[in-house]
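Scroll down for the structure; my scribbles are underneath it.
The values are calculated or read from the model by the stated rules, or taken from the named source; none is laboratory data. Note that the structure is predicted; figures quoted are calculated from it, not measured. Neighbour counts are summed over all protein chains in view; Cβ atoms, including those assigned to glycine, are modelled from backbone coordinates with ideal geometry.
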Amino acid sequence: MIPVLDLRGRAPTVRELRGTLPRAELDVEAALAAVRPVCDDVAARGADAVLDASEKFDGVRPVTLRVPATVIAAALSDLDPQVRLALEESVRRARIVHGAQRRTESRTQVTSGGTVTERWVPVDRVGLYVPGGRAVYPSSVVMNVVPALLAGVGSIAVASPPQKDFDGWPHPTILAACALLEVEEVWAMGGAQAVAAFAHGFDGDEVLDPVNLVTGPGNIYVAAAKRLLKGLIGIDSEAGPTEIAILADATADPEHVAADLISQAEHDPMAAAVLVTDSPALADAVEVALARRVPDTKHSGRVTESLTGRQSAVVLVDSVDVGLDVVNAYAAEHLEIHTTDASAVASRVRNAGAVFVGTWSPVSLGDYCAGSNHVLPTGGCAAHSSGLSVQSFLRGIHVIEYSEEALREVGGHVVTLANAEDLPAHGEAVMARLAEPT
């Protein structure tokens, strides 16, 4: 059901682990060749190019790209009451967690008469991408919109692929989530063409103002478009297939471990599911549980493909300490800790998008209602990048204010360093202020 990688008796280096551990194949570079003409076409022809791409890739041509307000409102009115309650609770908890992330202005007096103030300024306008392929992700509306709102972003647009089954509009549950969060600007467009439309904007019968930043998960073509257009726009990350890693010892419940591996494997055949354990008995018990559970789960086909793929494995190690080295090298999007004193073990994790501690904190809780954000770095990027947060939508701006006396105090050093770098005009700009009047 799942491959086994035996690292017992070894203490592999980070370099060796990077070359050994299972990882989903995501060739964004190769996908660039496919998305470049799409993005160039959108830049040249605007809305018509987006509509043509939608017809080609999504099998439907929306009547309009912008979703009418009446359609968004109707989606909320028709939403299952239990789903609405669950979304409202998800929003409530996300607001609590993300509300604590907002940075405040800091003013530092460097010297008498010389200050540097750091202001945190929200991005002017953002485009938030919500996938709509194998599954429907209203939770991604919550995870994108809530931090943008709390950051103070003044203009928010959401894009999600048009659906043949819903008259060319995005899925109604996604529209309902937008309505709950009072997002009025929603576009029926997906894939690379949506990212390109956000980046370039378009006018004509419909007007889409370009954005400064695009966030949200998507398929390989969305990731490739983000890479292609990065610089014209800011991006959060190039999200790849979802990942779960579980660090577990003999105290872990194999049924919980198996259920959690399956929960992420059902996203996509390329999803990665990795168990790192020092207990062969646990590994065997998890294999038995998987063999029993997988055939009974709704998406057993894609789960099986995920678990048996080269991106998934049971990794056997000599100890939890070695296991920590493994998971830190792997830098998973989601990392669960199922060990004795799980909190202490979790405190030693350096690289992970999010860490889920103990029996009662499964990844699926974080996907929906923990209050944390589920837009997280994948493909090992958690070793250097963070998940989506309020900070993703803020820019730090330094404001420098020196008096004449403060500049005179340090001006000589500025001139010295300018000359050392062979940039004498830099020093002259200071001396022009400090020279005695003639």
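Some observations on this one:
- First in segment 303-318 and closer than 9 Å to PRO3 by Cα, second anywhere and among the hydroxyl-bearing types (Ser, Thr, Tyr) and crowded, with 21+ Cβ neighbours inside 10 Å, Cβ under 9 Å, 6 or more apart: SER312/SER306; VAL314/THR277; VAL315/THR277; VAL315/TYR330
- Of the residues making up segment 281-298, at least one is buried (at least 24 other Cβ atoms within 10 Å of the Cβ), over 16 Å from the mean Cα position of the chain (by Cα) and touching a residue at least 24 places away in the same chain (Cβ under 8 Å).
- Only a single criterion out of (1) closer than 24 Å to ALA281 by Cα; (2) free of Cβ contacts under 8 Å to residues at least 60 places away in the same chain is not satisfied by GLY366, namely (1).
- Among (1) closer than 20 Å to ASP58 by Cβ; (2) in a loop (DSSP other than H, G, I, E, B); (3) at pLDDT 95 or above; (4) of a type outside the set (Phe, Trp, Tyr) - the single one VAL211 does not satisfy: (1)
Results for (1) within 22 Å of PRO241 (Cβ to Cβ); (2) small (Gly, Ala, Ser); (3) touching a Phe, Trp or Tyr at 6+ places or on another chain (Cβ under 8 Å), shown as yes or no for each residue.
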site	(1), (2), (3)
GLY127	no, yes, yes
VAL130	yes, no, yes
ARG134	yes, no, no
VAL145	no, no, no
VAL153	no, no, yes
TRP169	no, no, no
THR173	no, no, no
VAL183	no, no, no
ALA192	yes, yes, yes
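- Whichever residue in segment 126-138 is out of contact with any Leu (no Cβ under 8 Å at 6 or more places or on another chain) and not in a loop (DSSP other than H, G, I, E, B) and, among such residues, is nearest to GLY190 (Cα to Cα): TYR129
- Segment 141-176, subset out of contact with any Asp or Glu (no Cβ under 8 Å at 6 or more places or on another chain) and of a type in the set (Val, Ile, Thr), residue surrounded by the fewest Cβ atoms within 10 Å (Cβ to Cβ): THR173
- Count - residues of segment 62-95 that are surrounded by 16 or more Cβ atoms within 10 Å (Cβ to Cβ) and outside any helix (DSSP H, G or I): 5
- Flag for VAL121 being closer than 27 Å to GLY201 by Cβ and not in a strand (DSSP E or B): no
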